[in-house]
Amino acid sequence: MEHDKLSRLLPDGVDQRESDELDATWRMLGAIEAPAPDSERMRTRLDAVIDAVEQTHVAPQPRLFRTYVLQGLAAAAVLAIGIGIGWFARPGGSAFGGTRPTSDTGSAPEIAAMRSEMHDLREMVSLSLMQQQSASERIKGVTWTGQLDRPSGEIVSALLETLMHDPNVNVRLATIDALERFAAREDVRRGTIEAVQRQASPLVQVALIDFMVKTNERESVATLRQLAMDPQVNDAVRARAAWGLQQLG
Amino acid sequence: MRNMKRILGYVLTLAALAVPVSAQPSEPRPPEPPLLPQAPPQAPAGDANAQRVTIPLSDPSRPGTVEMDIVMGNITIKGTNRRDILVDAHTGTGFVPRPPRRRADDEPPPAGLRRLTQNGGFSVEEDRNTVSIDVGPPRHIDFTIEVPLRTNLKIETVMGSIVVEGVEGELEVESVNGSVALTNVGGSVVAHTVNGKLTATIARSAPQQPMAFTSMNGSVDVTLPAAVKANLKLRSDQGDVYTDFDLQLRRESSNPSPNPDVDTRRNGRTRVIDVDNAVYGSVNGGGPDFEMRTFNGNVYVRKGK
């Protein structure tokens with residue numbers, strides 16, 4: 001519904017996919033902190049925010065603080081982009097009583113700028129979600145990286161960090177799927193090999209072994225051999241590692 | 001022009017939101033509220049090895065959070081109409097050898113004497129709507145906890161099962177050597193067990209929130225609302241996947257690999273099924289990702305009422 005209106009509004013320089021992404025981003029932003037402007041709920045929301053900030057001071061949690069700053073920045077970026085869209089989308093150039101010509105010849109660089117801002121914004125949303133207290137939100141952040149066109153190194157580092165240190169098994173599992181598209185990167189190959197050795201959860205270990213087979217990660221052979229021979233390791237994991245060796249060998 | 005106004009409306013709303021949110025961290029902090037006095041554990045009459053603690057929430061109008069991470073013991077959590085949290089702890093059924101000279105917990109005190117030490121060996125603390133339950137040195141304690149209907153949970157046990165009934169919120173539940181059973185729950189669920197069966201009946205799912213239900217050595221059996229909108233990621237390495245949902249199968253995962261360095265042939269359909277035996281599909285038009293996965297066992301996804 002919104003989506004249809006948006007696509008009609010967007011000039012020719014912006015394709016369907018892009019407007020889809022825009023739509024998705026707005027929905028995403030709506031899903032984060034969205035205080036309604038009625039004062040009663042604003043108040044409780046505000047209290048919640050104050051509580052959360054207090055908490056960061058009691059037990060220092062710089063991550064949480066960063067989340068709020070990021071969300072603020074994200075909101076500001078959307079504001080800028082929204083104004084941009086409004087400007088481009090003026091029917092016949094008559095909005096604000098402006099006299100801008102109706103042709104879109106001059107808008108290509110602006111669209112490019114908008115696109116890059118859009119990209120930064122979506123990265124920010126992903127990173128901020130990956131820092132949340134709730135495991136479901138962190139999974140959302142991890143999955144969201146799958147929709148980024150050319151994710152920066154920061155996104156890949158955040159995914160690797162999550163794979164190594166996230167306390168929740170299901171968040172780590174989701175991270176393995178998200179890392180698949182970066183399997184060619186050296187840091188991802190090293191990170192996954194390190195993770196399979198340190199991992200406490202057998203299900204995550206199996207998923208990592210599958211990842212290595214799927215992405216033909218030949219550097220992992222020594223590690224897989226070690227896992228297959230280690231009597232301390234879960235039997236199913238040892239069997240999977242042996243199978244992985246066979247596939248890679 | 002109408003659309004224009006609509007867009008401007010969005011932009012202004014977002015601007016209005018941006019200001020308070022971004023301004024928050026620099027606001028002066030109000031003074032810390034004093035910690036609520038903790039109610040000492042009291043034994044319910046007639047049961048010497050049970051202890052009961054009721055603890056209020058700082059702000060009952062907001063959902064509280066219950067956090068616990070124990071080593072030995074079963075955990076049962078029930079959503080009720082109460083506004084505080086009731087913790088019932090039951091010891092004495094454990095398989096843990098006790099220190100040799102310690103009196104048995106369920107032994108009645110000698111005539112005329114009353115016991116001063118607490119046999120519970122656990123503590124309950126509330127801080128800004130988060131209730132943390134801690135058990136001291138590893139011993140077997142079973143917990144039955146009553147919480148308000150809307151409560152977030154972060155519950156872990158190593159040797160024990162977890163049951164959650166009628167709670168709505170962000171539910172994070174994990175067991176190592178026990179089953180996990182969630183009935184009539186709502187919100188978002190992220191659940192895992194290593195050596196147990198995982199069953200869940202979701203009455204209402206939170207929109208746009210991903211969920212995950214995974215096990216290593218047990219079946220995963222999840223009932224979702226019939227109208228749920230979700231993208232399902234289903235896999236069983238050594239078993240099968242069953243559903244009565246009308247699943248629109250997708251050939252690739254939600255993370256397509258645009259990376260030219262990865263050999264796409266190896267990521268093609270047959271290869272994916274060979275490696276992880278995964279099924280990706282959407283129900284009711286798709287939505288957030290729900291992952292159901294087990295290594296040894298079947299995955300069942302059922303359509304609820």
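Read the figures in this text as sums done on the coordinates, not as results from a lab. Treat the numbers as computed from the prediction; the structure is a model and nothing was measured. Ideal geometry is used to build each Cβ from the backbone, glycine not excepted, and the neighbour counts take in all protein chains shown.
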**Message:** If I model a spin label at residue B:204 and residue B:150 as a point 7 Å from the Cα along the Cα→Cβ vector, what separation in nanometres do I get?
**Reply:** 0.9 nm
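Compute the Rg to Rh ratio over region A:185-249 from the alpha carbon atoms, using the Kirkwood formula for Rh, and round to two decimal places.
Numbers: Rg = 10.3 Å, Rh = 11.3 Å.
Across region A:185-249, the Cα-based Rg/Rh ratio is 0.92.
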**Prompt:** Modelled label-to-label distance, residue A:44 and residue A:115, 7 Å Cα→beta-carbon offset: nm?
**Reply:** 4.4 nm
**Asked** With θ set to phi - 60° and the Karplus curve 6.51 cos²θ - 1.76 cosθ + 1.60, what are the ³J(HN,Hα) couplings of region A:195-202 in order, to the nearest whole Hz, using x for Gly and Pro?
**Response** 5, 5, 7, 8, 4, 8, 8, x
**Request:** Report the FRET efficiency, 1/(1 + (r/R0)^6), for residue B:83 and residue A:230, where r is their Cβ-Cβ distance and R0 is 45 Å, rounded to 0.05.
**Result:** 0.30
**Asked** Which whole-Hz ³J(HN,Hα) couplings does region B:139-148 yield from phi under the Karplus relation 6.51 cos²θ - 1.76 cosθ + 1.60, θ = phi - 60°, glycine and proline marked x?
**Response** 8, 7, 10, 8, 10, 10, 10, 9, 10, x
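Net charge around residue B:304, counting only other residues with Cβ within less than 11 Å of its Cβ (Lys, Arg = +1; Asp, Glu = -1)?
Numbers: positive: B:204, B:302, B:303, B:305; negative: B:244.
Residues near residue B:304 contribute +3 overall.
Does region A:176-221 come out rounded, prolate or oblate by the C-alpha gyration tensor, with a ≥ b ≥ c the root eigenvalues, rounded set by a/c under 1.5 and, if not, prolate when a/b is larger than b/c and oblate if not?
Working: a/c = 1.56, a/b = 1.43, b/c = 1.09.
Prolate.
In terms of the Cα gyration tensor, with a ≥ b ≥ c the square roots of its eigenvalues, is region A:135-225 rounded because a/c is under 1.5, prolate because a/b exceeds b/c, or oblate?
On the way: a/c = 1.93, a/b = 1.25, b/c = 1.55.
Oblate, since a/c reaches 1.5 and b/c is not below a/b.
Between residue B:111 and residue B:303, what FRET efficiency follows from the Cβ-Cβ distance if R0 is 56 Å, with the result rounded to 0.05? Could the numbers behind the result be given before it?
On the way: r = 61 Å, r/R0 = 1.09.
After rounding, the FRET efficiency stands at 0.35.
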**Request:** State whether region B:119-168 is rounded, prolate or oblate according to the following rule on the C-alpha gyration tensor (a ≥ b ≥ c being the square roots of its eigenvalues): a/c under 1.5 gives rounded; otherwise a/b larger than b/c gives prolate, and the remaining case gives oblate.
**Result:** oblate
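Below 14 angstrom from the Cβ of residue A:249, what's the summed charge of the other residues (Lys, Arg +1; Asp, Glu -1)? Mind showing how you got there, number by number?
Working: positive: A:218, A:225; negative: A:217, A:219.
Summing Lys and Arg as +1 and Asp and Glu as -1 gives 0.
Would you work out the charge dipole size for region A:185-249 about its Cα centre, treating the Cβ of every Lys and Arg as +1 and the Cβ of every Asp and Glu as -1, and quote it to the nearest 20 debye? Display every interim value, and only then the final one.
Details: 9 positive and 8 negative charges, 15 e Å.
Charge dipole, region A:185-249, about its Cα centre: 80 debye, nearest 20.
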**Prompt:** Of B:140, B:158, B:177, which is farthest along the charge dipole of region B:130-179 in the positive direction, counting Lys and Arg as +1 and Asp and Glu as -1 at C-beta?
**Reply:** B:140
